[in-house]
Every structure is written in structure tokens, then in C-alpha cells.
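Here the structure is laid out as C-alpha cells; the discussion comes afterwards.
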Amino acid sequence: MKLPGTVAWTEEGIRILDQTLLPAEVVYRVLETIEELEEAIRALRVRGAPALGVAAAYGLALALRKEKPADRAAFMDALPRARTRLEKTRPTAVNLAWALARCEERVREEKTPRVEDLHAALLDEAHRISEEDRLLCERIGEAGEPLVPDGGSVLTHCNAGALATAGIGTALAPLYRAWKKGKRFEVFADETRPLLQGARLTAWELREAGIPVTVLCEGAAAGLLASGRVGLVLVGADRIAANGDTANKVGTYGLALAAAAHDVPFYVAAPFSTFDPGLPDGRSIPIELRAEEEVTGGRAPRGVRAWNPAFDVTPARLIRGFVTDRGLVRPPFERRPGGRKRIG
Ligand code: MRU
């Protein structure tokens, strides 16, 4: 199974697969400045919580390389400025802020006065975050595989696959793992309004992997669940609060309500970097509001307003369990599962 490389570091800059062009075109872009990366994140050229963490970590390395600080003091001065800029690009996915904080902490731990060593430490930490994410996805795949019904159907929302991570995905990882083990099943992918991550991205990567996929308008999901054809709902997450309330792509909450009404198991798959134990519950998760034109553009009469939250919060009571790199877990999450900053 060949999956795309979503984010990578090159000598020229950060190489991303431009997800706004999929599935029509597979175009890689090299981002050479922090401004280009900010634009790419805001425009969802690179997207999905774990991939945002990896991209932001490389973004710090990129920004500092361009800035060319003369000494340690100038480096330490420039670092939080770049961090704040990147943090502001998308507020809901905690992986982004988590990766930036981790990179800054790593550099502060380096006591060297040599600027080259600080650059090397920053880049090394970004590579570690990327490689760890790849491993975390594998572990999530292993942990979630037993949930996948052989001969049945799985429903997912948005894209929490290879395109959203540095590995085989979070919600899609158990599906890839199960398929490789010989289980056979069908995936229903919610189209995911308004930017169609399900129809464009999830459908594309599952098809590339040879897994049968059927796209539906998310408005059809409740009816599909009522029909009894779906054995499992599996979604990703952008931020999970201490009590288990989970922010994910808008529409996830409605899907969880419908799954509960029809007694279909609803699971969230996420690595430890998506947990935010500092937030007691979902009420304090910042929800990104996006441009009205994403909803109205070319469809609603001119002048009609739109409310366009990119995410919603699913209450923990609707979530049967969390598929993590540490196995299946349940709240409360007083610390990140495993209590770690780093893997291992
Ligand atoms: O706005 P997006 O496309 O970045 O939203 C992505 C999601 O909601 C994903 O489900 C989530 O980030 C998990 S990705 C492994």
C-alpha cells in the first residue's frame, strides 16, 4: 500500500502535498518562508492535527534559518516570535501548539552559545516529532484493528488518514492495519462540508490503498446508521479535554448523536499529542471560525450570511472509547495518555 508523504523537510524548505488540489492533481510545493507556511496552513494545503504539528515544528526551523540570528540571544529572541505567529494560524488542533512548545523547550535546554547547534537542535526535534508521529499512527492502527468488523462497514468523517499525519493516519490507521491482515469491509466517508475533506481526501487515499469506499452527504449519515449497515464509527480528533470531550471536524457531534441513537459504537482515534489535559472540558476548547464564503460561495444568494465553525465538540458521554498509541483508553485524562512529552 503506497501512501503519500504529507510533510517533509528539504534543504530548500518544507515540502508539502497541496491538499487543496486533491483529488484532481497531486502537486507537491516547497514552502521557503514562514509566510508561505502560514498561508498553506490557513488555506488547508497542509491540514489534520498531527500533520499541523509536524509542519509547525519544521516551520520554526525554517523561520530561524531565514532570520539568521547572529548569536544565542538573538536566536532566543526570534524563537518565540516565530512560535506565536505559527500558533495563531489554526487554534483548535492542539498538536500545533504542542509541537511548537516542545521545539522551543528543546532549544532552551541546549546550553550551547553556538547558533549552528541551536539550529541543529531545532531541526532534530522537528524530525523527532515527525518520526514519532509515524510510529504513533502504527500503534493506533494496532490498537484499533480489533474493532474493525470483518465483512462489515465503517463510517468516518473528514480525513484522519495518511494525509493528516506523518504516518498511516489516526482513524484510518486501524482500517489500513485490518485490511493488511486480510479483513474485508467497506468504508463510508462523510463528504464533510464545506471543504469536502471526506469526498476529496479520505476517498482518494482509501482508493489509492484499494479499500472500497462510498461517499455520502453527512446529512445522509443518520439514515445510514438507522439502516443497521454500519458496525463502527471511527473519527479523528483535534483536541481532547481532560473529561474526554472531543473537538473534531464540524459534523462529528451530530454523527455521534446519531450513532448513540442507533447504538452503533462511536470511537475517537488520536495520538497522545492530541490530548489537552490542561482543559477540564470541551467548553474551553477554542473553535476556529472560518470564512463565510466557504459555505455561501456560489450557492447562497448574494448578501446571505453564514456561520462556519470548522469544528464542534462531541461530549465524552457519546464516545465509547479512545483508540490511542497506548491502546484503548477512557477518561478522565489528567495527563496525556502515558504522561509523556515524547514517545518511548
Ligand atoms: O480542518 P481540517 O481538515 O484540518 O480538520 C481535520 C480534522 O478534523 C481531523 O479529523 C483531525 O484533525 C484529526 S487528523 C488525524
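Checking every residue in the range 278-292 against the condition of being surrounded by 21 or more Cβ atoms within 10 Å (Cβ to Cβ), modelled with pLDDT of 95 or more and of a type outside the set (Asp, Glu) gives at least one match.
Specify the residue that is nearest to LEU122 (Cα to Cα); the eligible residues are those in the range 62-80 that are open to solvent by 70 Å² or more (accessible area, probe 1.4 Å) and in contact (Cβ under 8 Å) with a residue 24 or more places away in the chain.
Ranking the candidates gives ARG65 first.
Beta carbons closer than 8 Å, at least 6 apart along the sequence or on distinct chains, pair a first residue in the range 35-61 that is free of Cβ contacts under 8 Å to residues at least 24 places away in the same chain and open to solvent by 10 Å² or more (accessible area, probe 1.4 Å) with a second that is outside any helix (DSSP H, G or I) and within 15 Å of the ligand (Cβ to nearest atom) for GLU39/ARG45; ALA43/THR20. For beta carbons closer than 7 Å, sequence separation of 6+ or different chains, a first residue in the range 270-283 that is in contact (Cβ under 8 Å) with a residue 40 or more places away in the chain and within 16 Å of the ligand (Cβ to nearest atom) and a second that is in a strand (DSSP E or B) and open to solvent by 30 Å² or more (accessible area, probe 1.4 Å), the qualifying pairs are GLY282/VAL313.
Any chance the range 218-235 includes a residue that's open to solvent by 40 Å² or more (accessible area, probe 1.4 Å), free of Cβ contacts under 8 Å to residues at least 12 places away in the same chain, within 26 Å of ALA24 (Cα to Cα) and within 13 Å of the ligand (Cβ to nearest atom)? Taking every residue of the range 218-235 in turn, none turns out to be open to solvent by 40 Å² or more (accessible area, probe 1.4 Å), free of Cβ contacts under 8 Å to residues at least 12 places away in the same chain, within 26 Å of ALA24 (Cα to Cα) and within 13 Å of the ligand (Cβ to nearest atom).
Entry remark, the range 177-192: residues being within 13 Å of the ligand (Cβ to nearest atom) and not acidic (Asp, Glu) number 2 in total. Among the residues making up the range 184-198, those that are open to solvent by 30 Å² or more (accessible area, probe 1.4 Å), farther than 9 Å from CYS217 by Cα and touching a residue at least 12 places away in the same chain (Cβ under 8 Å) are ARG184, GLU186, PRO194, LEU195. Could you please let me know if PRO265 is modelled with pLDDT of 95 or more and more than 13 Å from the ligand (Cβ to nearest atom)? So PRO265 fits the description; yes.
Taken over the range 244-262, the criterion of being away from the ligand (no atom under 13 Å from the Cβ) and open to solvent by 30 Å² or more (accessible area, probe 1.4 Å) is satisfied by GLY254, LEU257, ALA260, ALA261, HIS262. Checked against (1) farther than 20 Å from LEU44 by Cβ; (2) in the same structural domain as ARG45 (by TED's automatic domain parsing), SER153 passes all but condition (2).
The values are calculated or read from the model by the stated rules, or taken from the named source; none is laboratory data. Given the structure is predicted, the values throughout are model-derived calculations rather than measurements. Cβ atoms come from the backbone with ideal geometry, glycine included; neighbour counts cover every protein chain shown. The protein model used for the area step is the full one, side chains on, heavy atoms only, and it has no ligands, DNA or RNA in it. Shrake-Rupley method; radii C 1.70, N 1.55, O 1.52, S 1.80 Å.
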